[in-house]
Amino acid sequence: MFGTIFIFGMMWMFFNVSQFGIFDAFDPIGEALDDMEMTDVAFSQLRKDPVPDTNIVLVNFGEISRAKIAEQVAIINKYDPAVIGFDSFFDFLSPDTLGDLALSNALAEVKNLVMVTKLLQTDSIIMLGEGLDIYDSLEISHPIFVKNAHLAFANLDTEAANQEDFKTCRAFPTMRMVNEEQHVAFAVKMAELYDSEKAQNLLERDNPFEIINYRGNLVDFFGRTGYPNMFYALDVDDVFNENFVPEMIKGKIVIFGFLGKDFFDTSWDDKFFTPLNKDYAGKANPDMYGAVVHANIISMILKEDYVNELNDKEGFGILLAIIICFLNITLFSYIYHVLPPWYDGITKIIQLIEIMLIIFLMVIVFSEYSFKLNLVITLAAIALAGDGLEVYYGVVKNLFNKESRKLLFTIRHKRV
């Protein structure tokens, strides 16, 4: 029991020391793996190719003018989509007054229009603490573009400070309060207008963040995900040339967004790393545009294909870690006293096997059942058990043994 307590004490100490970044300069491998989770392997390597979701269509507006975007909206809208969402801000009036007016009129004709907002924090909130998930203001497009629109925030969960940073998106906030008013996520609002019951089922899960159960990308000419086209997508010219059948649009969710200058563009603008990325360790190129991330979220909501997690609030993960650590300490203590010459070799083999089995279990359970086992504490306890027990028996236990302290004092006295 005391050995188990000592191991968890070591884990607590290492965690707190590591917060100061003391070991960062000596950990290039850790830097490469820092933004990776074991479940990324399931997304990028193990899952079967998804069936395309025909309920969602992506439209690329590239770098065209507002007047041209207005033409796109008018063309798509005449085929009677169920919902149109715009993953873009128009937060100022441009010098092209006629273009602004044309876009404003085109958007006003859409029966179910969703425009993005952005959750913001004023300086007073930021000063309360970094990473505080409280917002008191919204960034919104200019009023002439949102006259007929539902507003919903497009914030996604990443640790990136700016566009140039690695932005790995694994989760999204479902709902947030801003000045005592409820706001839902962009994808949630579009799903709600399409199928209110499915969206309500999501909100009733009452998770502040939902893990995105990614199923695929749009057409990927550069092979960064290895997944086939999950969503129908129209490039800029496809819309103007009406290179699609009416059934592709009628009654569907249509998301307008920036998907590169065209589908062959390698732009990083509004692009994220996702678990679908083939290079899940040491990533070099982002693999998914923000509009496609939103499409994956909508698809997950409509299919009710959620990722569930081991509930940390109820302490199951910590309890499991304590049990496995205690069993390991019991076994290793027996080896320590009965087979001391073999201790290092046997315990290292046992630890390696246990770690490999747990990682395998985490990946398979996630891949087959969309259930995420958070067993990081368990893995850390296993990794520290062998050497930690030697420290406990060789140092800590001897400090509380009168004969051992006397022997240490005698040796020091003779050397002096």
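Can you tell me which condition ILE324 does not meet? The list is (1) buried (at least 17 other Cβ atoms within 10 Å of the Cβ); (2) not assigned by TED's automatic domain parsing to the domain that holds THR378, and all the others hold.
The failed condition is (2).
Tally up the residues in segment 47-90 that are touching a Phe, Trp or Tyr at 6+ places or on another chain (Cβ under 9 Å), among the β-branched types (Val, Ile, Thr) and at pLDDT below 95, please.
1
I'm told VAL239 meets every condition in (1) under 30 Å from ARG170 (Cβ atoms); (2) assigned by TED's automatic domain parsing to the domain that holds THR168 except one. Can you identify the failing condition by its number?
Looking at each condition in turn, VAL239 falls short on (1).
Tell me which residues, restricted to segment 304-330, are free of Cβ contacts under 8 Å to residues at least 60 places away in the same chain and either among the small types (Gly, Ala, Ser) or in contact with a strand residue (DSSP E or B) (Cβ under 8 Å, 6 or more places away or on another chain) (or both).
Residue satisfying the conditions is GLY315 alone.
Which numbered condition in (1) small (Gly, Ala, Ser); (2) surrounded by fewer than 18 Cβ atoms within 10 Å (Cβ to Cβ); (3) at pLDDT 95 or above is the only one that ALA291 fails?
If we test ALA291 against (1) small (Gly, Ala, Ser); (2) surrounded by fewer than 18 Cβ atoms within 10 Å (Cβ to Cβ); (3) at pLDDT 95 or above, just (2) comes out false.
Checking the conditions here, which among LYS348, LYS414 is over 30 Å from ARG215 (Cα atoms), basic (Lys, Arg) and either at pLDDT 90 or above or touching a strand residue (DSSP E or B) at 6+ places or on another chain (Cβ under 6 Å) (or both)?
On the way: LYS414 fails: either at pLDDT 90 or above or touching a strand residue (DSSP E or B) at 6+ places or on another chain (Cβ under 6 Å) (or both).
Result of the check over LYS348, LYS414: LYS348.
Restricting to segment 233-267, give me the number of residues that are of a type outside the set (D, E, K, R) and exposed (fewer than 14 other Cβ atoms within 10 Å of the Cβ).
Looking only at that region, the number is 7.
How many residues does segment 189-235 contain that are of a type outside the set (Asp, Glu) and either farther than 21 Å from ALA82 by Cα or at pLDDT below 90 (or both)?
Of the residues in segment 189-235, the ones of a type outside the set (Asp, Glu) are 189-191, 193-194, 196, 198-203, 205, 207-209, 211-219, 221-234.
After this cut, where a residue has to be either farther than 21 Å from ALA82 by Cα or at pLDDT below 90 (or both) as well, the list is 203, 205, 207-209, 211-219, 221-230.
Qualifying residue count, segment 189-235: 24.
The values are calculated or read from the model by the stated rules, or taken from the named source; none is laboratory data. Quantities reported herein were computed from a predicted structural model and do not represent experimental measurements. No Cβ is skipped: glycine too gets one built from the backbone with ideal geometry, and neighbour counts run over all protein chains shown.
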